[in-house]
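Only one structure is covered here, and it is reproduced in the block below.
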Amino acid sequence: MDMTGEQRIPAPREAVWRALNDPDVLRRCIPGCQELTKHADTEMSAVAVVKVGPISARFQGAVTLSELDPPNGYRIVGEGQGGVAGHARGGALVKLVDDGEGTLLTYVVSAQIGGKLAQLGGRMIDATAKSMSAAFFRKFAEEIASPAVSAPLPAAGAAAPVAAHAPAGVPVTVPASSRGSQLAYLLAGLVIGYIALRLVGAVPGAPADLHALFDLALAGIAGFCLGRRPAVVIRS
């Protein structure tokens, strides 16, 4: 079976490329897909239930990506076993090009089917393939339009943005700091907490070494909690 087609997707090419490499997005878009696990940048495994005419089968297979050219396209090859229903192996060359404010995705698919599925005839198989392709792209367009998928990834080390449109005087909660910031807070908490606790005196009458251990433990806990605590800012 051979099939070619194209689909215009109303999203930038970089966003389309990210979505095509996101196993969660693909799992939600592929008709009948129950599981899609990414093992490496170029290797995935999948479980899908496929119905062709009177035959319904649960396929388990492996997917491999090659000829990666981000964000322009790649080649995808997969094979699956559906038990007595048969087996399938195929590949597709996927290309992305800018199309105004959107992206034009073109694909060339070649597949071989064996077992009971192959006995259904080419017309039924082609009709099912086209129906599944249409369902995939309809769902894919919906997914990629969502802010979580289409938003650009933040630059490494960039601070989490504060709500830019919050009214003046309204408290805005900033997410808890990153691990690097937590470490800085921890060190600061150790220094400041240790000095403060030594001035106050943690346990009067206790040995000096116990004082030190007690002070350090409290200072460490205070610094760790300070590093994890979300900040609340009042916009003016």
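Is it the case that some residue within the range 113-123 is assigned to a loop (DSSP other than H, G, I, E, B) and open to solvent by less than 50 Å² (accessible area, probe 1.4 Å)? Spell out how you get there, then give the answer.
Our first condition is that a residue be assigned to a loop (DSSP other than H, G, I, E, B); within the range 113-123, this holds for 121.
Narrowing further to those that are open to solvent by less than 50 Å² (accessible area, probe 1.4 Å): 121.
Checked the range 113-123: at least one residue is assigned to a loop (DSSP other than H, G, I, E, B) and open to solvent by less than 50 Å² (accessible area, probe 1.4 Å).
Go through the residues of the range 99-107 one by one and say whether even a single one is surrounded by 15 or more Cβ atoms within 10 Å (Cβ to Cβ), among the β-branched types (Val, Ile, Thr), out of contact with any His (no Cβ under 8 Å at 6 or more places or on another chain) and more than 30 Å from Glu14 (Cα to Cα).
Here is the first cut: in the range 99-107, the ones surrounded by 15 or more Cβ atoms within 10 Å (Cβ to Cβ) are 102-105, 107.
Imposing the further condition that a residue be among the β-branched types (Val, Ile, Thr) reduces the set to 103.
If we keep only those that are out of contact with any His (no Cβ under 8 Å at 6 or more places or on another chain) as well, we get 103.
Applying the additional criterion that residues be more than 30 Å from Glu14 (Cα to Cα) yields none.
Checking the range 99-107: not a single residue is surrounded by 15 or more Cβ atoms within 10 Å (Cβ to Cβ), among the β-branched types (Val, Ile, Thr), out of contact with any His (no Cβ under 8 Å at 6 or more places or on another chain) and more than 30 Å from Glu14 (Cα to Cα).
Does any residue of the range 10-33 turn out to be more than 21 Å from Pro71 (Cβ to Cβ) and either part of a loop (DSSP other than H, G, I, E, B) or modelled with pLDDT of 95 or more (or both)?
yes
Looking at Ala92, Ala88 in this structure, which one is among the small types (Gly, Ala, Ser) and within 19 Å of Phe137 (Cα to Cα)?
Ala92
Which count do you get for residues in the range 19-54 that are open to solvent by less than 70 Å² (accessible area, probe 1.4 Å) and more than 15 Å from Phe136 (Cα to Cα)? If you could, list the steps in order and put the result at the bottom.
We begin by selecting, within the range 19-54, every residue open to solvent by less than 70 Å² (accessible area, probe 1.4 Å); these are 19-23, 25-26, 29-33, 36-37, 40, 42, 44-50, 52-53.
Among the residues that remain, those that are also more than 15 Å from Phe136 (Cα to Cα) are: 37, 40, 42, 44-47, 52-53.
Residues in the range 19-54 being open to solvent by less than 70 Å² (accessible area, probe 1.4 Å) and more than 15 Å from Phe136 (Cα to Cα): 9 in total.
The values are calculated or read from the model by the stated rules, or taken from the named source; none is laboratory data. No experiment lies behind these values; they were computed from the predicted model shown. Counting neighbours? That spans all protein chains shown, and the Cβs are built from the backbone with ideal geometry, glycine included. In case anyone asks, the SASA skips ligands and DNA or RNA and just uses the protein heavy atoms, side chains included. Shrake-Rupley method; radii C 1.70, N 1.55, O 1.52, S 1.80 Å.
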